[in-house]
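Undergrad: The following block contains the structure, expressed as structure tokens.
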Amino acid sequence: MPKQKTHKGAAKRFRLNAGGKVRRSHAMKNHILTKKSQKRKRRLRKSTLVAGRFAATVKSMITT
């Protein structure tokens with residue numbers, strides 16, 4: 001059976017942190033920023049963890 005390849009689209013969007021959990025960045029931070037408050041844009045800067053069952057799926061896609 002061949003090796004599993006890294007899903008390049010997922011590899012660009014997700015990273016593993018030191019504890020092995022999957023990090024992601026927030027959406028809605030690209031354009032039309034004038035109508036969004038400073039507080040909202042500041043919160044969107046920070047990364048967050050992928051939740052639930054998706055974490056295992058993403059982890060298998062980005063680890064080789």
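The values are calculated or read from the model by the stated rules, or taken from the named source; none is laboratory data. Nothing here was measured: the structure is a model prediction, and the numbers come from that model. A quick note on method: Cβ atoms are made from the backbone with ideal geometry, for glycine too, and the neighbour counts reach across all protein chains shown. Remember, those area values only see protein heavy atoms, side chains included, never the ligands or the DNA or RNA. Shrake-Rupley method; radii C 1.70, N 1.55, O 1.52, S 1.80 Å.
Undergrad: Of everything in region 2-33, what is of a type in the set (A, V, I, L, M, F, W, C) and on the phi < 0 side of the Ramachandran plot? Give them in sequence order. Steps first, please.
TA: Looking only at region 2-33, we keep the residues that are of a type in the set (A, V, I, L, M, F, W, C), and these are 10-11, 14, 16, 18, 22, 27-28, 32-33.
Passing the criteria: 10, 11, 14, 16, 18, 22, 27, 33.
Undergrad: Also: Please name all residue pairs, on different chains or six or more residues apart, with Cβ atoms under 8 Å, provided the first residue is in region 16-31 and is within 14 Å of residue 57 (Cα to Cα) and among the basic types (Lys, Arg) and the second residue is open to solvent by less than 70 Å² (accessible area, probe 1.4 Å) and assigned to a loop (DSSP other than H, G, I, E, B).
TA: Note: pairs meeting the criteria are 21/50; 23/17; 23/47; 23/50; 24/47; 24/50.
Undergrad: Do you know which residues across region 6-39 are charged (D, E, K, R) and open to solvent by 100 Å² or more (accessible area, probe 1.4 Å)?
TA: First, pick out the residues of region 6-39 that are charged (D, E, K, R): 8, 12-13, 15, 21, 23-24, 29, 35-36, 39.
Passing the criteria: 8, 12, 13, 15, 21, 35, 39.
Undergrad: Of the residues that sit in region 49-64 and are among the β-branched types (Val, Ile, Thr) and closer than 17 Å to residue 8 by Cα, which one is least open to solvent (accessible area, probe 1.4 Å)?
TA: It comes out as 58.
Undergrad: Continuing with this model, one more query. Which one is nearest to the chain's Cα centre (by Cα) among residues in region 11-36 that are under 12 Å from residue 55 (Cβ atoms) and hydrophobic (A, V, I, L, M, F, W, C)?
TA: Taking region 11-36 as the starting set, the residues that turn out to be under 12 Å from residue 55 (Cβ atoms) are 14, 16-17, 19-24.
Next cut, hydrophobic (A, V, I, L, M, F, W, C) only: 14, 16, 22.
Details: 14: 4, 16: 9, 22: 7 Å.
Filtering first and then ranking leaves 14.
Undergrad: If residue 3 satisfies every condition in (1) open to solvent by 60 Å² or more (accessible area, probe 1.4 Å); (2) basic (Lys, Arg); (3) at pLDDT 95 or above but one, which is the exception?
TA: (3)
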